[in-house]
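Down below is the structure, laid out as structure tokens.
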Amino acid sequence: MPRIIADPKVVEEFEYVTIVGRLIPRSPEDFMKLCLLGYRFRQAVKHGINLVLQGVPQGVAYKILARMLPSSIYGESAYKYAKLIVEGAKGRKIEIRKIWIASRGGISWRGNLNIRLVSTDRVLVRYFDGEWIELEARFGKKYLPLIEELIQLANQRMESYGATITFRNGRLYLHLEVPLWLYLKYSGKPKPTGYSLVAGFDLNSDRINVVVLDREGRIVAMKTLWFPEVTSPGYPRNKARHNRLEKLSEALKWCRRIGVDYVAFEDLTKIRDRRFAKNPNANRKISRFAKRELLRHGVIKALKLCFIVILIDPKGTSISVTHRQVMREKGLDRHMASAYIVAYRGLKKLKEQEPTTIPPT
């Protein structure tokens, strides 16, 4: 079974995968009710931001926000969104334009208290005064067996799922948080027997560098995938996201073809502050580096391809004495040297934690 070798706190961030489906209201009145609920949720998040900035205790904030929404769980979700927004803003001006509805999951609530899956094609949403809004749900055919099992597990109080409803161009979409193990059960692909190779990834705003090492630390293969267009001024954000993730998927599939068993990434969630330079072009690349997005996609895709994922501390993988030494000794450029260090540290961590998992050559 594919897994992640990392700090348990880090692994928690990858326990769920989001799948998206369409929601279709049964009447225009139901659609307007959901719009009102989305507006009230957005207002609750805005109020929650003020509460976070004022240092209001979490328990008190929950109760205040619950008065604005149909249930206390909506209030908790609004407060958690507000807290994340404040942490991500880092003192910058906060502006929220879109409306949405979110409700966290809970095992004791048979999956979710407010946005509930009844079947693979039917969803209930809690409204004001105890009213429920029934919606038709449409998911991709490949997700139907997964959702059916998720509903069964939720009814047995064995699993939960978070749910978010978004509004886009007059349409409703349901973003469902599915347990990672369940997603891999229906989406994972068997991988051919490998040769105990470890691939290290250096993820950047305009390229991905990969270095593959054998169990002795020798370089077996290297690859660079470029996407410089995504950092160009005025380049569409959605298209940039698609290009980045497509190149990362291509790199992982290449690793699969050459027999890699383990992939190592820097734990980019530990990089809190961006280091800006005097060069405006460099600053633009730094500001457009979607590190969390790339890391999350890389981890999920690697697990889906049945790799074992290793997350390492990013400290010292670039701009360090070791980094310069690797460049000099191995004849690598700075990005390929970073990928080499990531792979080497991944191999070292693997040997320290699981010395018997690497089969002899």
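The values are calculated or read from the model by the stated rules, or taken from the named source; none is laboratory data. Worth saying up front: this structure is predicted, and the values here are computed from it rather than measured. No Cβ is skipped: glycine too gets one built from the backbone with ideal geometry, and neighbour counts run over all protein chains shown. Keep in mind that these areas ignore ligands, DNA and RNA; they rest on the heavy atoms of the full protein, side chains included. Shrake-Rupley method; radii C 1.70, N 1.55, O 1.52, S 1.80 Å.
Summing Lys and Arg as +1 and Asp and Glu as -1 over all other residues whose Cβ lies under 12 Å from the Cβ of Ala264 gives a net charge of -2.
Estimated from helical segments only, the mean residue ellipticity of the chain at 222 nm is -13500 deg cm²/dmol, where each DSSP H run of four or more residues counts as -39500 (n - 2.57).
Projected label points at Met222 and Arg157, each 7 Å from Cα along the beta carbon direction, are separated by 5.8 nanometres. Solvent-accessible area per residue in region 69-133 equals 51 Å², computed with a 1.4 angstrom probe and all protein chains kept.
With a ≥ b ≥ c taken as the square roots of the eigenvalues of the C-alpha gyration tensor of region 1-126, please select rounded if a/c is under 1.5 and otherwise prolate if a/b is larger than b/c or oblate if it is not? Since a/c reaches 1.5 but b/c is at least a/b, the shape of region 1-126 is classed as oblate.
Does a label point 7 Å from the Cα of Gln58, set along Cα-to-beta-carbon, have any residues of region 82-110 with amide nitrogen under 11 Å, and which are they? Within reach of a label on Gln58: no residues. Other residues lying with their Cβ under 13 Å from the Cβ of Val321 contribute a combined charge of +2, Lys and Arg counting +1, Asp and Glu -1.
Considering all C-alpha pairs of region 113-180, those separated by over 20 Å amount to 27%. Among the listed values [x] 70, 48, 37; [y] 63, 40, 37; [z] 58, 55, 51, the one matching Cα extents along the principal axes in Å as calculated from this structure is [x]. For the residues Val211, Val56, Val263, a GNM of the chain with alpha-carbon springs under 10 Å puts the largest fluctuation on Val56. Our summary gives the chain a relative contact order of 18 percent, counting only alpha carbon pairs under 8 angstrom and 6 or more residues apart.
With contacts taken as Cα pairs under 8 Å at a separation of at least 6 residues, region 1-106 carries a relative contact order of 28 percent. For region 34-51, 3J(HN,Hα) computed residue by residue from phi via the Karplus equation (6.51, -1.76, 1.60; θ = phi - 60°) reads 5, 4, 5, 4, x, 5, 5, 5, 4, 4, 5, 5, 4, 5, x, 4, 5, 5 Hz, glycine and proline entered as x. Annotation: the antiparallel percentage among DSSP beta bridges lying fully within the chain is about 80. Give the angle, between 0 and 90 degrees and rounded to the nearest 10, that separates the Cα long axis of helix 321-330 from the longest principal axis of the Cα atoms of the chain. Once rounded, one gets 50 degrees.
Here the simple spin-label model places points 7 Å from the Cα toward Cβ, and for Lys142 and Met327 these points are separated by 4.1 nm.
Pairs of Lys residues in region 1-126, spaced 8 or more positions apart or belonging to different chains, with C-alpha separations under 21 angstrom: 18 in total. Comparing Gly259, Gly38, Gly170 in a Gaussian network model of the chain where C-alpha atoms under 10 Å apart are linked, the largest mean-square fluctuation is found at Gly170. Subtracting the Cα-Cα distance of His242 and Lys185 from 0.36 nm times their residue separation leaves 18.0 nm of extension gain.
Across region 175-244, Cα pairs under 8 Å and at least six residues apart give a relative contact order of 19 percent. Here each label is just a point 7 Å from Cα along the line to Cβ, and for Leu84 and Ser72 those points are 2.2 nm apart.
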